[in-house]
Amino acid sequence: MIEINTQNLDRAIAKARQTKPLVKVIEFRLYQVTNKITGATYTVKFSKVNNTKYAECNCKATKVCYHIGAAVGIHIVLAAQTVTA
Ligand SMILES: [Zn+2]
């Protein structure tokens, strides 16, 4: 699990915007991210412990990767809906 914050997420989101991977919701906090060019699919999971947010991806990257950057955009929207529902 990697701790996510505005700084490392900004970089990941910027890279996701260039790569434009396909994001599919598996369930709340669990996403499947597919690179449209290579077809490689990875699973991204978000969790929250106290007030610290974490993310994990099963790709080789050890930092916040663009898969997390791609999934977080959808996650923020869904998380906001869940809170207000
Ligand atoms: Zn990844």
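The values are calculated or read from the model by the stated rules, or taken from the named source; none is laboratory data. Here the structure is a predicted model, which means the values were calculated and not measured. Backbone-built Cβ (ideal geometry, glycine too); neighbour counts: all protein chains shown. When the accessible area is computed, the model is the full protein with side chains, heavy atoms only, and any ligands, DNA or RNA have been set aside. Shrake-Rupley method; radii C 1.70, N 1.55, O 1.52, S 1.80 Å.
Axis angle, to the nearest 10 degrees, between helix 66-84 and the longest C-alpha principal axis of the chain: 30 degrees. Rolling a 1.4 angstrom probe over the stretch 1-79 with all protein chains present gives an accessible area of which 51% lies on carbon and sulfur atoms.
Length gained on full extension, Arg11 to Gln32: 5.6 nm, using 0.36 nm per residue less the C-alpha separation.
Would you mind working out the magnitude of the charge dipole of the chain relative to its Cα centre, with +1 at each Lys and Arg C-beta and -1 at each Asp and Glu C-beta, to the nearest 20 Debye?
Numbers: 12 positive and 4 negative charges, 47 e Å.
So the dipole magnitude of the chain works out to roughly 220 debye.
The region of the chain that goes longest without hitting one of the trypsin sites (Lys or Arg not before Pro) in a DSSP loop, each with at most 14 other Cβ atoms within 10 Å, is 1-35.
For the chain, find the longest principal axis of its Cα atoms and tell me its angle to the long axis of helix 6-19, 0 to 90°, nearest 10. Here the helix axis deviates by roughly 40 degrees. Taking amide H as placed 1.01 Å from N in the peptide plane, Ile4 has its amide H under 5 Å from the amide H of Lys53, Tyr54, Ala55, each at least 5 places away in sequence or on another chain. Solvent-accessible surface of the chain, taken per residue with a 1.4 Å probe and all protein chains present: 68 Å².
Electrostatic tally near Cys65: other residues with Cβ closer than 15 Å to its Cβ, Lys and Arg +1, Asp and Glu -1, net +4.
Charges on Cβ only, +1 for Lys and Arg, -1 for Asp and Glu, centred on the Cα centroid of the chain; of Ala80, Ile13, Val44, which one is farthest towards the dipole's positive end? Of the listed residues, the answer is Ile13.
A simple count of charges around Val49, restricted to other residues whose Cβ falls under 15 Å of its Cβ and scoring Lys, Arg +1 and Asp, Glu -1, yields +2. Shape class for the stretch 1-60: oblate, because the ratio a/c of the largest to smallest gyration tensor axis (alpha-carbon atoms, square roots of eigenvalues) is 1.5 or more and b/c is at least a/b. Here is the list for the chain: chymotrypsin sites (Phe, Trp or Tyr not before Pro) lying in DSSP coil, each with at most 15 other C-beta atoms within 10 angstrom of its C-beta, are Phe28.
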